[in-house]
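A quick write-up on the structure given underneath.
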Amino acid sequence: MRKWLLLALGLAVLAGGWRPVPREPERLALVRVLGADGPGPLTLTAVCGGDGQEDPDRGQCAGEGFEQALAALPWSGEEELSLTSVSYIIVGRDVELEEILLAALRNEELGASATVWLAEEGAAALLAECGDPASGLDLLARQGVEAPTVVQALAALEGGGTLALPLLTGERPALIDWEEWRSAA
């Protein structure tokens, strides 16, 4: 009798659609925006949030290359930073873009679907001005601004062509123009 009762209860739970609610591990912040400045040392700036947070978690570190800086980034903020939710990569004009895109593509956490943007005054300066840059970039995307993904940007550069990146400035951030990025090759 007890077996039938447990079985019936289990089926009722499954039929009701109950599933455990996924939660972030405590003290882990999800990075939504990643900024990159400079050819060496390369400075990475990470900003979490995206849901209208007033004061999102942030982190910043430098390294000789993208991989070295990226390895130190998770421990550069007040909480451990997770790179599994990066939606936007903002670069300064002085970065070696192909190297960053290729490293991001190879990185299991970052992946290929993040969109690539250009900061007029540098990524760190832009992200320092923005309260919640992910929300501002989400708004630009909803308004029809289509920034290239990591894969699209790398394909354009590797093909020897030009790449048009949306140029950002301001507190929200705001789109001011599109700028062509030419392959170094």
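The values are calculated or read from the model by the stated rules, or taken from the named source; none is laboratory data. In this text, all values refer to a predicted model and were calculated from it rather than measured experimentally. For neighbour counting, all protein chains shown are included, and Cβ atoms are generated from backbone atoms with ideal geometry for every residue, glycine included. Remember, those area values only see protein heavy atoms, side chains included, never the ligands or the DNA or RNA. Shrake-Rupley method; radii C 1.70, N 1.55, O 1.52, S 1.80 Å.
Test residue 70 against the stated conditions and say whether it is part of a helix (DSSP H, G or I), within 28 Å of residue 179 (Cα to Cα) and hydrophobic (A, V, I, L, M, F, W, C). Lay out the reasoning, then the answer.
Values: part of a helix (DSSP H, G or I): yes; within 28 Å of residue 179 (Cα to Cα): yes; hydrophobic (A, V, I, L, M, F, W, C): yes.
Yes, satisfied.
Look at residue 155 and say whether it is under 22 Å from residue 94 (Cα atoms), open to solvent by 50 Å² or more (accessible area, probe 1.4 Å), of a type outside the set (Lys, Arg) and more than 16 Å from the chain's Cα centre (by Cα).
Yes, satisfied.
For the range 75-113, a residue qualifies if it is touching a Ser or Thr at 6+ places or on another chain (Cβ under 8 Å), at pLDDT below 90 and either aromatic (Phe, Trp, Tyr) or closer than 10 Å to residue 46 by Cα (or both), but none of them does. Cβ-Cβ contacts under 8 Å between residues 6 or more apart (or on different chains), taken from a first residue in the range 156-174 that is over 12 Å from residue 97 (Cβ atoms) and without any contact (Cβ under 8 Å) to a residue 40 or more places away in the chain to a second residue that is open to solvent by less than 30 Å² (accessible area, probe 1.4 Å) and in a strand (DSSP E or B), are listed as 174/168.
So for the range 133-145 (the condition being assigned to a loop (DSSP other than H, G, I, E, B), open to solvent by less than 30 Å² (accessible area, probe 1.4 Å) and among the β-branched types (Val, Ile, Thr)), does at least one residue qualify? Scanning the range 133-145, I find at least one residue that is assigned to a loop (DSSP other than H, G, I, E, B), open to solvent by less than 30 Å² (accessible area, probe 1.4 Å) and among the β-branched types (Val, Ile, Thr), so the answer is yes. For the range 168-185, the tally of residues that are in a strand (DSSP E or B), open to solvent by 50 Å² or more (accessible area, probe 1.4 Å) and either modelled with pLDDT under 90 or touching a Gly at 6+ places or on another chain (Cβ under 9 Å) (or both) stands at 2.
The requirement of being more than 22 Å from residue 149 (Cα to Cα) and at pLDDT below 90 is satisfied by residue 23. When residues in the range 97-129 are screened for being buried (at least 16 other Cβ atoms within 10 Å of the Cβ), more than 14 Å from the chain's Cα centre (by Cα) and over 13 Å from residue 34 (Cα atoms), 5 of them pass. Residue 165 - would you say it is under 17 Å from the mean Cα position of the chain (by Cα) and either part of a loop (DSSP other than H, G, I, E, B) or closer than 14 Å to residue 34 by Cα (or both)? No: the conditions fail for residue 165.
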